[in-house]
1. Cut-off under 17 Å on the C-alpha distance; same-chain residues fewer than 8 positions from K167 excluded. Which lysines are left, in chain and number order?
2. Show me, for the range 38-49, the HN-Hα J-couplings you get by feeding each phi into the Karplus relation (A = 6.51, B = -1.76, C = 1.60, θ = phi - 60°), rounded to Hz, glycine and proline as x.
3. In the structure shown, do any of K15/K87; K71/K111; K65/K232 have a Cα-Cα gap over 30 Å, and if so which?
Amino acid sequence: MAENEAVQEQFDWQKESAKCVEGLKFDLDQDYTFELDFDGVSLHTIAKKLADGSSETLLYKKGDKAGQPMKMYTIPFKEQGTSVTFKTEFWHNDTYRVNPQNPELEDAFVKFSRKLGYNPVLDGDFDPKDFIKPGLVITAKLAYQQPYEKGYSIDEKTGMVLNAAGKDVRKAYKTIDIDTIVVGEGGSSGESQEAIEKVDAETQKEVQDLAKGCKKFAELVTKINKAKLTDKLLDPAMKMKEQGLLKF
């Protein structure tokens, strides 16, 4: 026997048994704590698998980028209790839509950055390294991940994504619900103490005074802009809106 050859001890496999336990389970209505897997963050090309097992890089077919490869950011977070990894993914673009007056029109990556405390401004630079940092911890809920493939239909009543056979093909527990993100551990997606503490009482009163008579957040933003207080009050106003400190 060679000197470095491992010595194996034999056991009777027929005498072995183990305990059956419930598999990992996540609740879509529960808040979980996640830590950024900074080493796993990547910007990469997108490819699709072909019938012969090979892969093909997806290229833009139209516009200024025609013929160039499509790229995507992948930002993984580990759930602290189980170490299970969940990924958030965003398309790489040369420009991103910023529209604080109508947040629903902003790009998903911009919405994500705002949840992490970043404040993109029109005509400014959008730099992911300013908000994707080692040690980042968030509290958030999980969400269904919608499939990107073509040929699916969405049931307007249930929100299910159905294939040709009528099967719901959403992938549960694959991604984090951006709308529920709160920076920090042990928070709640309905309330961020950290965000509240950053808005001092005097600023809160100034924003709330401007909000009087406004029927929606966009009207408050317009007031802030007209008063030339965008740099001072827009970010606090958005934080206060997220935390329920502004009612319309």
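1. In chain and number order, the partners are K150, K157.
2. Result, ordered by residue: 4, 5, x, 5, 8, 10, 9, 6, 9, 9, 10, 7 Hz.
3. From the list (K15/K87; K71/K111; K65/K232), the Cα-Cα distance tops 30 Å for K15/K87; K65/K232.
Computed from the coordinates by the stated procedures, all read-outs in this text should not be read as laboratory data. No experiment lies behind these values; they were computed from the predicted model shown.
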